[in-house]
Amino acid sequence: QVQLVESGGGLVQAGGSLRLSCAVSGSIFSANAMGWYRQAPGKQRELVASVTSGGSTNYADSVKGRFTISRDNAKNTVYLQMNSLKPEDTAVYYCNRPGPLIFTWGQGTQVTVSS
């Protein structure tokens, strides 16, 4: 069974940066597209960035130009570099396949951006 372990969240001031990591167990990582989702309090979980097995990326308009998704297939890890953070980026961040066939969700990592 695939396990997803997110890390790297924290408290940061507006304009700051964070780098999230997601370690994916199992040998199937390199063959799968991966994505980063976030869920803010009272809101639905949304996909904010994705990367294909070949390295092509896609971003939600709300994070385009500020966030960068990348992957290291040798380490079975996907990253999310977040720059110019805004208070509205505050959420729990999760990694998973872009869908619809997703893995069991991990615990996520909390990102809090203060104004």
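Since every read-out is calculated from the coordinates, none of them should be taken as a lab result. What you are looking at is a predicted structure, and each value in this text was computed from that prediction instead of being measured. Using ideal geometry, Cβ is built from the backbone for each residue, glycine included, and neighbour counts are taken over all protein chains shown.
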Quiz prompt | Around Ala60: net Lys/Arg minus Asp/Glu count, Cβ-Cβ under 15 Å | solution = +2
Practice problem: Provide the net charge surrounding Gln81, with neighbours chosen by a C-beta distance below 10 Å and charges set as Lys +1, Arg +1, Asp -1, Glu -1. | Solution: +2
Practice problem: Give the calculated FRET efficiency between Val5 and Asn83 to the nearest 0.05, with a Förster radius of 35 Å applied to their Cβ-Cβ distance. | Solution: 0.90
Quiz item: With r defined as the distance between the Cβ atoms of Ala31 and Ser115 and R0 fixed at 35 Å, what FRET efficiency is calculated, to the nearest 0.05?
Solution: 0.25
Exercise. Looking at the chain, send over the antiparallel percent of its DSSP beta bridges, to the nearest 5.
Key: 90 percent
Self-check item: Where Rh is the Kirkwood radius over Cα pairs, Rg/Rh for the chain
Solution: 0.94
Quiz item: Which lysines, on any chain, are close to Lys64 with Cα under 22 Å apart, when same-chain ones fewer than 8 places away are left out?
Solution: Lys43, Lys86
Quiz item: Taking the Cα atoms of the stretch 2-58 alone, what are Rg (to one decimal) and Dmax (as a whole number) in Å?
Solution: 13.3, 38
Quiz item: How high is the relative contact order of the chain, in percent, counting Cα pairs under 8 Å that sit 6 or more residues apart?
Solution: 37 percent
